[in-house]
Structures are given as structure tokens and as C-alpha cells.
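See below for the structure under consideration.
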Amino acid sequence: MNIALKIWKRFWFFWKERTFLALFISLVLVSVFGLLLIVAGYLAVANGFFGKMPSDQELKEIKNYEASVVYSSDSVLLGRYYVENRTEVKYENVSPNIINALIATEDARFYEHQGIDQRSMVRVLFKTVILGQNAGGGSTLSQQLVKNLFGRKSYGILTVPVNKTREAIIANRLEHLYSKKEILMLYLNTVSFGEDTYGIETVCRRFFSANTKDISAEQAAVLIGMLKAPTSYNPRTKPEESLLRRNTVLSQMVKYGYLESDAFDSLRNLPLELAYNRLGNQEGSASHFRQYLKKHLDSWMGQLNEGRIKPYNLYTDGLKIYTTIHSRLQSYAEQSVVEHLKILNPLLQSELKTNRFFDKNMNLLTQGVRQSARYARLVKEGVSEKEALKKLSQPVPTALFTDYGLQDTLVSAFDSVRHSLGRIQAGFLVVEPANGNILAWVGGPSYQEVQFDHVLSHRQVGSVFKPVVYAQALLDGYAPCDFVSNQKVVYTQYDNWAPQNSNGQYEGNYSLLGALTNSINTVSVKLCMESGISRVIDLAHAMGIEGELPMVPSVALGAGSTSLKNLVAAYTALANRGAKTDLQFIASIKDKYGMELFVRQPVSKKVLPGQVASDITSMLQSVVDRGTAARIRHQYHISGAVAGKTGTTQEHTDGWFMGYTPRWLGGVWVGADNPKVHFSGIANGQGASTALPIWALFYKKIEKDPTLKHLLEGGFDGSSDPECDLYREDSGLVKFFRKKQKKNRSTGLGEDDENTGKEGRKKKRLKEWFKGIFDRD
């Protein structure tokens, strides 16, 4: 009715102002001129006057950027690397509901035209030119595809007609080069759905965590409805608008015969239900691992592309990267870290508050504030340092990371730094010693909070280094049941340093088994000095502990620093009967067509005799059964075969636990990012309290998973519990001589300094033999 009224008004205008003849002549001239203009415009666009047109060959080789995908060993999608977050899908893997919803809503005559819908174009032309309306629409799916592929350019007042003409020409050529199914898939694999998602497969996974072929009619209507305006109809942020749009799409499906009326009546009353799952460059499981993987792949791509005419691109070529990560083990590892840190964080923050730590260390807060983006912005604006710090002392709305997610609050920049510095971090790495496969990698409790990867960070290692010392002692001829004096020694050549035992006792004698079980420092240092510091360090490097280790006696107690990854690699030699296995994280890489580009080959090297590794494993089982890691048994009630070692560094800065079963090995580090922030006592700060529980929680989760319980079965090959005492008291005569020796000791190199090297070991054995005369039962 409105259209007829407008036509009549224009006709009446010509009737009043001009004769019918003038009207007729004007219409003929306008039509001829318009036709000539259209033909001239068509020829100009087709011949490249407004920019080069793609050739048929280029159209045949249309290639979208496609995200490379990362899979776990059990075929679960872990994440993507992309410029445009897209995964292409084939026609047979797309639900008919998606195809039907698309055609009914976007191009009802798709199967009838050749890229240009004349009826729609005439309608748009009539409304735009005759009625002066901005009609929009009129583009077929083929034309929309061209727009998605090649974009639009600005030509001033000619922008719309030139771009529309260009799209119509290319769309028609596409229709002659591709079948209708191929055009549909080119469109569905190209179109943007907002939120940095491209293509139907990606958006199905994003909003419904489903494959494209499993999408229902109402879900398809939600997704296709987004095409009109992805932001306005986003089901996550605009659920009400999305629901209305969904029902509009469903009604279109009824109109064009793709959906029965009865089905529509039931579907339109369904609530909007999402299964939102954002998997991007950073989101998804194993985030820290995927960042490490990306750096490795960037380097690997350079080697792969040497000599290639068309090099592979990690972010655009749709590579399929199959990792060694096991999705459920990764999930259990992440859960275990988060669960235990929820206990540790309040304890640490309570201690820091009670001890007024930050009041006494304001410089830490000030330093943290100076490193903030807000401080840098104020200084850039010309604000003085004093004034900037004053402004940052004022509370502002801030989102803080907590153990329960982001929390909106009102705090100053100083309070924000205080909060972040006072939070515990952790690293957890799980591998298969037999082949080096990394099964789980947790670089921290939250990648969004802290991107720094604590699996790779170098920290002081503490007593988890001691098995290296004892392995060297066994290589030098000691046996697990040989006894060593617990007497305290001052190493004057090393600034009068003397190892301290945590129990404060320096009497009696410990077997090697007993000394490692109870983590006796005096014995560990004596063994190291007898073997020679350099030889212990050489063995550590051979086992996989990279980096420079200090040439001092305290290296036996873990005074050196290394990463959790290096330590886990070293422990594979103990868990794998002396064969150190290179850690593996990629199983294979394929291109988008399934051709293998890389297949992993396990690499191992014998660094210890099998019996030495088995003896150390037996001794580490004793650590778990009756030593510093005994809470695995009495608190967590773990009864399976477990070997392990706790570790705590000076002032409880770092907590460690290295534990393994016959099937898997796990290493845990716990501490604050700033080493000055730590627990003040043994009760909360030792590795048995900070790191061990994460390992134990992980074990218990495997225990409850019937599909993974095989990982806890069996025993250690070649290991047995040595039948000897852990400790022996000194006899009366030995006590007498020791007291006299202590009284008369001169400031020399220390008891064990004379026993360094081959001759020293002989003297040591002779001394131990004479002492043994008085110690025998």
C-alpha cells in the first residue's frame, strides 16, 4: 500500500509539472542513459578499471586461512593456533539443519540462480532508485562469499554500485567453476560469526561444543541467525535477541518447506541452551604447554620449510598436531594443583598478615607498582613519580584473580600488588619414563592470571637432588646397607660451612638407605665429598639436569638451580632402570589433507647401571613407606608401589616432590614467584606439605577412574627393600673417641676432606672398618 502511494505521488508530480509526453521522453532518456551507465560500469569493473579481477585459476585455488589444531593423545581438541580461527569441514559432515536454515534465511532461490538473483536485484534497484530507500539485501550466497573472500574497497559515491557489480561478476564465474555444494561449503567455511570465529565448524564448537554434523534444527537456527548481525544476535551476550532471531529463522524454514509446522510449534518454545567452549590461541586445556609447544613449532617450521616453494604456516595452513598429552590426566593434574592451592593460599596470606611482611617490605610493593601499566601511563602523561605513587594509592574498581576466579573489588594498585605477590604458584609435570611421553603439563594454576610457566622456571632444587648423590656413591662401590657417620663436619675450605640436619641430631650412623629415607644432610654431603663434587655434577648433567651447578659441598643438598622439566628428565633414569629418556611432547604432525610431516621417535640413553637405578628406587620407596614422604601412606592411604623424594629449600622458599610408580613419573614444584615471599615454618612450608599433596591428589583421581587404573598396577622391576637398619647408635667407646675428637679438632679441611678421591675412599673404608669393630652387635 505504501509503495503504491509513493508511485502515485511521483506520477501526480509529473502530471502537474510536465505533460505526459515530457514524462514519457524523460523516462525513455533516463532508461537509456541508465542502461548505458550500467553497461559502461559493468565493462569498467570487468576489465579491471576499478582494480584487478581474480583469474579463473585464482578462483580455483581459493584458500582460506585455517587454524592449526592441537590434539591430545586420546584425540581431544586442546586448542588452536590461528590468524583467523577456522577449521574447514566437508559437506557430508554438515548437518542438513544448517544447510536448510542457511538457504531459507539467506538465499531461498540458491538452487535456481547462477550467482545473481535478478528478482532480488530488481527489488533492491526499485526500492533504492525509484523510492529512495536504503533497501540493502539482494545478495546471493555466492555474492556474499565473494564479499567474504575479497572484501570491499571504497570508491567514493561509486562504492556501492562498483562493489555490487564486482561481486555479481565474480559470483557468476564461481557458479561456473564450482558446484552448488562446493559453493555452500566455501561460504560456510569462510563466513565470520563474530568473537573471532570463522567457519561453521568453529562456531559449532564455540557455542554448542559439538561437531557440525550433530547440530539440531534449533541450534542451527541460532547460528545462522547470527549471520545478519553477529554482535547483535550473539547468544552468549544477547540471549533474548538471539532467541527472537532463532525463531525467525525457524519460521523461514517452515515458509520454504524445510521444517514442518508442528515441529516449529514445539521448537520455538524451547529455551536457549548453550555449551560454550572458547578454544583459541590461549584458551583451552594445557595452556602453558601449548605456548611451549608453539615456540618449538615455530622453530621446527623453519627446518621443515627449507627448500619448499610454498612454506607451511602454523597459523594459516590447518596443520594437525597430535601431542603426547592425555586429556583426562591433564584435567586431573590441573584440578589437583587448583584444589591444593586453595588450601595453601589462605595459609600463606594469614602468615604474611600476622608477620606484617609487607609492612616490613614496602619496597616490594613499590617496585611492583612501578612495573604496572597504570604507573607507566601516568609517567608518560608527565605526572611526577611521587604524585603517580600517591594516585595509585587510591582505591579503584579492579578485578583480582582469586582461587575461585576473577573477583570485582575496590582496591589500590598497592593492594593489588600485595594480593598477587602473596599468591602461591605451582608447576606439575607427568611423564611416562619408558618412552618419555609427557602426559600432563601444568605451568601454573591459571594461565589467564600468570603466563609464566613454572615447569620451565629455574629454582633451587633442595633435597630432590640427593638421589643423584646417592647414585654416584653406589657407582663408587657403596651399597644401600653401608653405614656412614652422622657426625657434624665443618668444611673450613668452604667458609667454615657445615650442613645442618633438620632434626638437629648428629650422633650415630645411618645406612645409605636410612640417610636418604630421612634426608640426612650430613651423610649426603659426606658422600658427595668422598665421590668428588665434580663427579656428582657430571652425573647430574648426564642424567639431564642442565645448567651450571655450584662447585661447593652444598650442591649435595640441592644448592643448585634447575627447572622442573630438567628434574623430571633426570628422574626418568631412576624410574627406567638407568635409561634416561628424552621427554617427548609431539607424537606426529599432519597437514590438512592427512599427510604426515613428522613422526616422533623415542630417544633414550643409558646413564646408570640397571642395578644402581633399582637400588635408588628401592631407597626412594623407603622414603615413601617410612621417611619424609610417609604421608602418602598414612594421610592419603595410597597403597600401590610408589618411590619418591621430598625437597625443601632454605627458608621454605621452594617445595618439591618427585614421585613415580612403575608406569608414570610426576614432579611438583610449589612456591611464590618472588622468592622473598614464603612460609615461615616447617609445618606449612616443607615440600611434604606444599608439593607432595598435589601429586597424591592426582594419584587418587587416577585411582577413581576405571579407564586409567592400569596406570597404578604392578611393581618396580629389579627393586627390593634392602634388609638393613636405617640407623645405629654409637657404641660407648666410639662416643668417647668422638667427644675427644670434637674437643681437639683443629681448623682443617673437615673430616671428609681427607677422603676425597680414590685414596681418600680407601682411608675412609679403613676408618669405617675399625669403627665397625665397636659397633657390631
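The values are calculated or read from the model by the stated rules, or taken from the named source; none is laboratory data. The shown structure was predicted, so the numbers you read here are calculated from the model rather than taken from an experiment. Cβ: placed from backbone, ideal geometry, glycine included. Neighbour counts: every protein chain shown. Surface accessibility is based on the protein's heavy atoms, side chains included, excluding ligands, DNA and RNA. Shrake-Rupley method; radii C 1.70, N 1.55, O 1.52, S 1.80 Å.
Quick one: of K466/K700; K213/K320; K63/K238; K294/K592; K294/K676; K488/K676, which pairs are farther than 23 Å apart, Cα to Cα? Result: K466/K700; K63/K238; K294/K676; K488/K676 exceed 23 Å.
Probe of 1.4 angstrom, ligands and nucleic acids ignored: what's the accessible area per residue over region 363-463, in square angstrom?
On the way: 4850 Å² over 101 residues.
That works out to 48 Å² per residue.
Compute the Cα gyration tensor for region 548-674, then decide on rounded, prolate or oblate, letting a ≥ b ≥ c be the square roots of its eigenvalues: rounded whenever a/c is under 1.5, prolate when a/b is larger than b/c in the other cases, and oblate in all that remain. Provide the component values of the computation, followed by the final result.
Working: a/c = 1.72, a/b = 1.51, b/c = 1.14.
Prolate shape, in that a/c is at least 1.5 and a/b is the bigger ratio.
Rounded to 0.05, the FRET efficiency of the K592 and D538 pair, given R0 = 56 Å and the Cβ-Cβ distance, is 0.75.
Spin-label model, A399 to K238: label points 7 Å out along the Cα-to-beta-carbon direction sit 2.1 nm apart. For L708, neighbours were defined as the other residues whose beta-carbon sits under 15 Å from its Cβ, and their charges (Lys and Arg +1, Asp and Glu -1) total +1. Across I99, I309, the residue with the most accessible area heads the list, and the full order at a 1.4 Å probe is I309, I99. Rg and Dmax of region 236-357, both derived from C-alpha coordinates alone, stand at 24.8, 74 Å.
Sorting D721, D482, D673 on solvent-accessible area from highest to lowest, probe radius 1.4 Å, gives D721, D673, D482.
Relative contact order of region 341-422: 30 percent, from C-alpha pairs under 8 Å at least 6 residues apart in sequence. Here the calculated FRET efficiency for E548 and N64, from their Cβ-Cβ distance with R0 = 51 Å, stands at 0.55, rounded to the nearest 0.05. Ranking H710, H340, H637 from most to least accessible surface, computed with a 1.4 Å probe over the protein chains only, gives H637, H710, H340.
Here the peptides 380-390, 446-456 are ranked by packing, the mean other Cβ count within 10 Å, and the order with the highest first is 446-456, 380-390.
What you get for region 407-516, charging only the Cβ of Lys and Arg (+1) and of Asp and Glu (-1), is a dipole of about 140 debye around the Cα centre. Taking 7 Å steps out from each Cα toward its Cβ at K676 and T707 produces label points 4.8 nm apart.
Histogrammed with a bin width of 10 Å, the alpha carbon distances of region 626-688 distribute as 21, 48, 25, 6 percent, first bin at zero. Net charge in the neighbourhood of S266 (other residues with Cβ under 11 Å of its Cβ; Lys, Arg +1, Asp, Glu -1) is -3. Treating r as the C-beta distance of R152 and T354 and R0 as 56 Å, the FRET efficiency rounds to 0.30. Here the gap between K380 and C481, fully extended at 0.36 nm per residue and compared with their Cα-Cα distance, gives a gain of 29.6 nm. Expressed as a whole percent, the proportion of Cα-Cα pairs in region 293-401 lying more than 23 Å apart is 64%.
Between L270 and S75, the contour length at 0.36 nm per residue exceeds the alpha carbon distance by 66.9 nm.
The distance separating the Cα centre of region 599-621 from that of region 641-709 comes to 21 Å.
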